[in-house]
1. If amide H atoms are built 1.01 Å from N in the plane of the peptide, which residues on other chains or at least 5 residues away come under 5 Å of the amide H of Val391?
2. Pull out the extension gain between Ile159 and Ile405, defined as 0.36 nm times the separation in residues minus the alpha carbon to alpha carbon distance; nm, one decimal.
3. Using a Cα-Cα cut-off of under 16 Å, which lysines could be cross-linked to Lys106, ignoring same-chain neighbours fewer than 8 residues away?
4. Looking at Ile327, Ala400, Phe347, which one has the Cα that reaches farthest to the positive end of the dipole of segment 272-410 (charges on Cβ: Lys, Arg +1; Asp, Glu -1)?
5. Through the Karplus equation 6.51 cos²θ - 1.76 cosθ + 1.60, θ set to phi - 60°, convert the phi angles of segment 120-128 into ³J(HN,Hα) values in whole Hz; use x for Gly and Pro.
6. Just grab the label-to-label distance for Lys230 and Phe210, each label 7 Å out from Cα along the Cβ direction, in nm (one decimal).
7. Kindly rank 50-61, 93-104 from highest to lowest mean number of other beta carbons found within 10 Å of each residue.
8. If the reach is capped at under 16 angstrom between alpha carbons, list the lysines near Lys206, excluding any in the same chain fewer than eight residues apart.
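Rule-based calculations on the coordinates, nothing more; no lab input. Not measured: the values here are computed from a predicted model. All Cβ positions, glycine included, derive from the backbone under ideal geometry; neighbour counts span all protein chains shown.
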Amino acid sequence: MKPSKEPGLSYLFFKFLKIGSTAFGGFMALISIVQKELVEKRKTIGDEDILDGISLATVLPGPIAVNVITFIGYRLRGVKGGIVSMLAVVLPSFFLILGLSIIYYKFGNIAQFQKFFDGVLPAVAAIILAVSINMTRKNIRDYKQYILGVIAFTFVVFIGGFYITLILVLLGGIAGVLLFRSSIKDENEPQTNTLSFQEILRKEIKDNLFWLTILLIFILSVIVSAWIPKGILPENLFLLNKLFSTLSLVSITLFGGGYVFIPMLQELVVTNLGWLTEKEFIDGIAMGQITPGPIMISATFIGYKVAGIAGAVVATIAMFLPPGILIMICSRFIDYFKNSPLLKAVFKGIHPVVIGMIYAACFIIIRSMPHELLQLIIFVLAFILTFRFKVDLLIIIPLAGLAGIFFGSL
């Protein structure tokens, strides 16, 4: 789906800044808010674009939620749109965890946000449920797709884990070929995109030469920086370089989203490099949990400990930009491949699997939140407000958090 009017970069920046400020509850919560804001309210993109982004981000390294946002920004406004969207959605969590890091290392502890989070979680679950229902209505028409969605839901809820997610996406694609290939015929009608792969590649290079050059320089700098020995640079620059190369390497080898990176990063920054103590690392992960962004924003906390504010900035860039570059490169060619009837069948199988995973995310949040009357009331009210009355999420989520603080203390 193409927008009727191409959105400006400022629109993308402020829209994703708003979304990044309210997306408490993890990856699917953020995706649900994107769907409400950009599909239902603004009609900037379609459900299919979001599902394609999730499908692609699932099989690529890096933070899935931020990669999906980067995918959407790139689809709408090219490389500049991808970078602007990625920056905007990460900024709120970056500043929040930077502030918490400063407080933590100055006073030795952090404020307790649990009551706020207890109020936000049921609202997030309600939003995800509302979005799941809408996406089901629009994208699933065949009973075989419903079966695929139920299977995905069941495996994610009762088994879970990155490998299960990846296997489900792959099996969804295979099932799509087996179940739907015969019903999708080659179309002889002229298509809006008849360019060959080589023509698309040449056009992409021509249209985005400056930004592609910047991205190439960045990639080369990651490779070169990893080989700079101690003593060549001043101590502070060496630490920043070490942060940059280490976390860049982690980000482009990290498949499966945020929770997968915890043991890997713990081994690296606690055991091998000694940048953080065990307690500091656990507290840093906890801070990442209470921000509205991805858990990988904990890299900001690590960077601050190693090299202050400059370290926080460098660590954040290293964690999010390399996988963002990769998904922008891959996303440019998704339309080309989707023109194939074979690939159309693949995505017809993948989409219900992804939707089933979104329902599973809602169920898992409900299961993990406090089962008290307050949470039930917040869940029901949030669902009615978002599903029936389309109330802005920027109102619902903060109010839910405040209700958790005020009524949770009674």
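1. Under 5 Å from the amide H of Val391: Thr386.
2. Here the answer is 85.3 nm.
3. Partners within reach: Lys279, Lys305.
4. Result: Phe347.
5. Going residue by residue, I get 6, 4, x, 5, 4, 4, 5, 5, 4 Hz, with x marking Gly and Pro.
6. Result: 4.1 nm between the two label points.
7. 50-61, 93-104
8. Hits, sequence-local ones excluded: Lys80.
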